[in-house]
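These notes are about the structure you will find just below.
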Amino acid sequence: MSYISKTFEMNLGGRKLIAEIGRFAPLANGAAMIRYGDTAVLVTVVNSKAPREGIDFFPLSVEYQEKLYSVGKIPGGYIKREGRPSEKAILTSRLIDRPIRPLFPDGYYNEVQIVAQVMSVDQENSPEIAAMIGASIALSIADIPFDGPIGAVQVGLIDGKYIINPNTQQAAVSLLDLTVAGTKDAIMMVEAGSKFISEETMLNAIMYGHDIIKEIVEFIENLVKELGIVKGEYIPAEENKELKELIVSLVNEDLHKAVRIQDKVERGDFVNTLVERMNSGIIEKFEAPESLMKEAKNMFKSLEKHQMRKMITEENLRPDGRSPEEIRPIETDLGILPRTHGSGYFMRGLTSALSITTLGALGEAQRLDGIDLEDTKRFMHHYNFPAFSVGETGRMFGPNRRAIGHGALGERALLPILPEEDDFPYTIRIVSEVLSSNGSSSQASICASILSMLDAGIPIKDSVAGIAMGLIKEDKNVTILSDIQGMEDFLGDMDFKVAGTKDGITAIQMDIKIRGLDRAIMERALEQARIGRLHILEKMNETMSAPRSDLSQYAPRVFKLRVKPDKIREIIGPGGKVITKITSECNVKIDIDDEGRVLITANDGIGGKEALRRIEAIVKDVEVGEIYTAKIVKIAKFGAFVELLPGKDALCHISQMTVKRLAKVEDLFKEGDEIVVKVMEIDPQGKISVSRKVLLEEEENKTKEN
């Protein structure tokens with residue numbers, strides 16, 4: 001690189017952000033060490049010199065790597081190395097990718113790889129934001145065509161005031177967790193979770209974030225200027241006019257008809273015949289037709305896109321015959337799977353999802369081995385998207401990044417309506433199985449999951465519905481589409497997902513394929529989404545509007561009690577002996593926290609009640625004068641040790657076992673016998689003395705009196 005190591009600074013959210021250029025990773029096309037407080041992220045970008053042979057897409061990859069040394073942790077497990085990326089790392093990789101991908105030129109197929117390595121984290125300054133800004137800087141100084149830079153910020157909401165990049169304490173009480181990214185002119189990406197805030201409040205938060213983004217972009221532009229970076233001009237390949245004229249003559253008129261076929265399968269079959277016609281025409285006319293097929297494919301897509309967009313913007317007509325604001329027909333059901341703890345089915349048009357709820361003990365919460373402070377998660381929402389849902393074959397691997405992202409979006413949308421842990425002490429896992437997909441499957445999974453939780457009897461605070469909005473922008477004509485289907489998503493300019501209750505928004509995810517959105521368009525989209533969301537909620541409420549009064553007979557039962565913290569060791573017992581015996585004999589799981597909260601999770605009420613009885617007996621304080629039926633657990637020369645309560649033994653001296661003198665305890669008693677005793681004394685060390693003799697004498701005196 002021609003420039004030397006330099007450092008640049010700006011104020012971001014009241015804290016200093018430092019970009020160090022030229023010192024680290026000098027062989028990368030672009031590299032920046034971003035320091036935000038004591039958080040440090042090294043971001044590099046490298047591109048290939050030429051595209052791979054035969055490629056017809058832009059191969060951008062983003063890797064956000066959490067290094068556990070950044071928070072002073074040694075990885076768990078045998079190998080002691082960082083393994084597969086955490087869910088948080090995958091989601092952050094997507095956060096970096098989404099706002100920058102639309103800013104690369106059409107037709108640029110060189111491989112680009114961005115790697116963000118989190119090297120130090122202070123838990124107060126976001127490594128995610130540092131990585132997003134670092135990626136923008138690295139791309140801006142690299143000789144890679146990029147129509148940036150972008151900026152990114154997090155926005156919180158506390159006491160009616162917006163906070164930029166809230167710290168840990170602020171985030172814990174914020175009503176909003178918003179990440180927004182964009183250029184100086186427009187918003188490119190929005191990701192948010194919130195606690196029932198209004199559309200206006202959300203919009204103001206986004207625009208407030210964009211004001212700060214403009215400052216970040218100016219900072220990067222000045223940095224590039226000071227470094228003297230001059231990017232080479234990207235010249236796209238010249239269009240083959242003869243090929244385009246042939247394709248237009250062969251298929252364009254029928255593409256006009258194709259986009260008006262309402263049935264998805266029928267439309268797909270018709271489009272396939274047009275592709276075959278196009279390919280045959282190319283083979284007949286050109287000497288080396290194979291070399292033209294990739295370009296022809298892209299031209300065909302462009303013509304199809306133009307026809308669909310023209311139909312929507314000029315005729316207000318969508319491919320399936322709906323108007324822009326119209327929602328597809330909705331079908332809902334629940335209780336479909338009899339042995340699960342809860343199941344819900346939601347179908348909108350040809351998109352359907354079946355969500356299944358499973359309840360477990362709090363001890364079954366997911367353990368998180370990452371760089372965040374949070375180490376467990378009691379609510380999980382998983383999303384599966386099999387190939388058959390779109391009528392295709394495919395290999396059955398684990399979830400890809402898209403599936404993880406859609407599951408996390410649903411999780412974020414549903415979190416605000418979950419009951420508090422003290423009120424409902426369960427781990428909750430929901431799996432959304434997408435059974436068919438023609439757009440908006442992530443939002444269908446949210447609706448199905450609400451129905452599933454209602455069926456499971458989870459006392460949720462309210463119902464949530466999700467809707468995906470689209471945008472077609474042709475010159476000055478702007479059409480906002482409610483409940484977009486697959487073709488509108490693929491050929492449109494925006495995918496704007498909004499989930500919430502009747503009272504407000506719980507989650508937003510927005511991606512833009514064009515230069516970005518202004519406030520007026522976003523305001524229209526949010527209002528149209530609100531109207532659509534209320535319509536969907538109304539349909540869902542017709543099936544079930546409140547949770548079932550009781551849990552499924554197959555769901556575990558939880559029994560709760562509070563004990564004094566100093567009693568915890570008595571419940572656990574020496575080496576865990578007492579608690580292990582209870583869990584084994586009663587077939588339960590027992591979770592105890594440091595404050596003395598005891599949760600017993602049982603597959604049936606009988607085992608749970610017995611475990612509860614035993615623990616209550618353990619924590620009960622023995623008092624002088626109380627009478628117990630006690631079991632002899634050990635015999636000694638001087639008497640017998642008896643168990644008054646689980647974990648509480650007492651000594652009955654040989655002189656206190658009978659009225660008459662007893663030479664040897666074994667003469668009348670053996671281990672396992674039960675005797676009735678009275679507590680006579682508890683010494684300062686807690687040792688308990690009991691007597692059988694006293695009770696026998698009292699009984700004898702009563703007999704004489706009678």
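The table below lists the values:
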read-out: Subset of region 47-65 (residues that are small (Gly, Ala, Ser) and part of a loop (DSSP other than H, G, I, E, B)); value: 48, 50, 54
read-out: Candidate set from region 230-282 (those that are of a type in the set (A, V, I, L, M, F, W, C) and more than 29 Å from residue 51 (Cβ to Cβ)); member that is surrounded by the most Cβ atoms within 10 Å (Cβ to Cβ); value: 259
read-out: Residue within region 145-152 that is assigned to a strand (DSSP E or B) and surrounded by 17 or more Cβ atoms within 10 Å (Cβ to Cβ) present; value: yes
read-out: Residue list for region 435-468, filter: part of a strand (DSSP E or B) and either surrounded by 24 or more Cβ atoms within 10 Å (Cβ to Cβ) or not assigned by TED's automatic domain parsing to the domain that holds residue 524 (or both); value: 465, 466, 467, 468
read-out: Hey, residue 134 crowded, with 18+ Cβ neighbours inside 10 Å, within 30 Å of residue 233 (Cβ to Cβ) and modelled with pLDDT of 95 or more or not; value: yes
read-out: Strands (runs of 3 or more DSSP E) contained in region 594-665 and holding at least 2 residues among the β-branched types (Val, Ile, Thr); value: 597-602, 627-636
read-out: Test: residue 163 is over 21 Å from the mean Cα position of the chain (by Cα), in a strand (DSSP E or B), within 20 Å of residue 89 (Cα to Cα) and assigned by TED's automatic domain parsing to the domain that holds residue 72; value: no
read-out: Matching residues, region 307-316, being crowded, with 16+ Cβ neighbours inside 10 Å and free of Cβ contacts under 8 Å to residues at least 60 places away in the same chain; value: 307, 311
read-out: Filtered residues of region 662-706 (kept if β-branched (Val, Ile, Thr) and touching a residue at least 40 places away in the same chain (Cβ under 8 Å)); value: 675, 676, 677, 679, 682, 688, 690
read-out: Number of positions in region 19-65 that are acidic (Asp, Glu), at pLDDT 95 or above and farther than 19 Å from residue 101 by Cα; value: 2
read-out: Helices (runs of 4 or more DSSP H) contained entirely in region 192-290, each with at least 2 residues that are in contact (Cβ under 8 Å) with a residue 40 or more places away in the chain, closer than 30 Å to residue 5 by Cα and of a type outside the set (Phe, Trp, Tyr); value: 199-227
read-out: Of residues in region 6-19 being out of contact with any Leu (no Cβ under 9 Å at 6 or more places or on another chain) and not β-branched (Val, Ile, Thr), the one farthest from residue 142 (Cα to Cα); value: 14
read-out: Residue identified as farther than 22 Å from residue 330 by Cβ, among the small types (Gly, Ala, Ser) and buried (at least 20 other Cβ atoms within 10 Å of the Cβ) among 405, 500; value: 405
read-out: Given (1) in contact with a Ser or Thr (Cβ under 9 Å, 6 or more places away or on another chain); (2) within 30 Å of residue 422 (Cα to Cα); (3) exposed (fewer than 14 other Cβ atoms within 10 Å of the Cβ), index of the condition residue 683 fails; value: (2)
read-out: Search result, residues across region 207-228 that are of a type in the set (A, V, I, L, M) and touching a strand residue (DSSP E or B) at 6+ places or on another chain (Cβ under 9 Å); value: 207, 212, 213, 216, 217, 220, 223, 227
read-out: Residue in region 490-497 that is crowded, with 22+ Cβ neighbours inside 10 Å and at pLDDT 95 or above present; value: yes
read-out: Test: residue in region 510-517 that is over 21 Å from residue 447 (Cβ atoms) and of a type in the set (Gly, Ala, Ser); value: yes
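Condition check ((1) at pLDDT below 95; (2) surrounded by 20 or more Cβ atoms within 10 Å (Cβ to Cβ); (3) touching a Pro at 6+ places or on another chain (Cβ under 8 Å); (4) among the small types (Gly, Ala, Ser)) across all residues:
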residue	(1), (2), (3), (4)
323	yes, no, no, yes
329	no, no, no, no
344	no, yes, no, yes
351	no, yes, no, no
376	yes, no, no, no
394	yes, no, yes, yes
397	yes, no, no, no
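The values are calculated or read from the model by the stated rules, or taken from the named source; none is laboratory data. Not measured: the values here are computed from a predicted model. Quick reminder, even Gly has a Cβ in these numbers, built from the backbone with ideal geometry, and neighbours come from all protein chains shown.
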